[in-house]
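Novice: Handing you this structure, nothing more for now.
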Amino acid sequence: MENYKRGLTAGIPIALGYLSVSFTFGIMAVSYGLSWWQAVLISMTTVTSAGQFAGIGIMMHPGQYFQMLISQITINIRYSFMSISVGQKADSRFSGISRWMTDEIFAVASQEDSVSRSFFAGLSTLPYIGWAVGTLIGAILGSILPDRLMSALSLAIYGMFVAIVVPEMKKSRAVVFVVVLALVLSCMFYYVPFLSRISSGITITVVAILAAVIGSLLFPVADDTDKE
């Protein structure tokens, strides 16, 4: 129970960030013609910001099911790598559907020396509620708020990433290198003519893998057998 409470506390900042980000999704979903309950149902069964924003755009054009499949695979495949990473720190009861996660939940969980199922359950509870409630509020009330406020709310998720990553950058030179490398690679995929044609979903996956692989090669972490 103590681990669950600790996870619940750690999930509060994520939940607050999700509340504002999913607010924007609720507004967009309704503007595309979905009803409020459809928007909330999508958020409750998907819980993936980039995947949802990309998905509703494709849903408005019937017949593009193949494009939907490809876009969702490329955008969400990173969660497979996150699950593998967290799984290396998880206890024996932590398996299957228990490992569902988002980028922010992964970032917090990866800072733990050992991840128990109860801690991860607590960590996931409030962000899940925040994502669903934010979507509901956005779908119902979003049409009355000014565009400037909507633009500001859409930046909240990036601020949340900064708040999670910067403290770890202060502790580790390796983390600083990987973050800077990922930033440089992202800029290359955005500004270089040939690379800029690659979809954002594939770009995220490629940048994440390259930065992680290069970082692991340059800054290897010794395991227990090496220490012996």
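Novice: Once you have the Cα-Cα distance between Val180 and Trp37, take 0.36 nm times their residue separation minus that, and quote the gain in nm to one decimal.
Specialist: 47.4 nm
Novice: Between Thr45 and Ile12, what FRET efficiency comes out of the Förster formula 1/(1 + (r/R0)^6) with R0 = 22 Å and r the beta carbon distance, rounded to 0.05?
Specialist: My answer for the efficiency is 0.40.
Novice: Ignoring ligands, DNA and RNA, please state the percent of accessible area on region 168-221 from carbon and sulfur, probe 1.4 Å.
Specialist: Ligands and nucleic acids excluded, carbon and sulfur give 75 percent.
Novice: Further question: In terms of modelled amide H atoms, which long-range or inter-chain residues lie less than 5 Å from the amide H of Ala90?
Specialist: Val115
The values are calculated or read from the model by the stated rules, or taken from the named source; none is laboratory data. These numbers come from a predicted model, not from an experiment. FYI the Cβ positions are ideal-geometry reconstructions off the backbone, even for glycines, and counts take in every protein chain you see. Accessible surface is based on the protein model in full, side chains and every heavy atom, while ligands, DNA and RNA are left aside. Shrake-Rupley method; radii C 1.70, N 1.55, O 1.52, S 1.80 Å.
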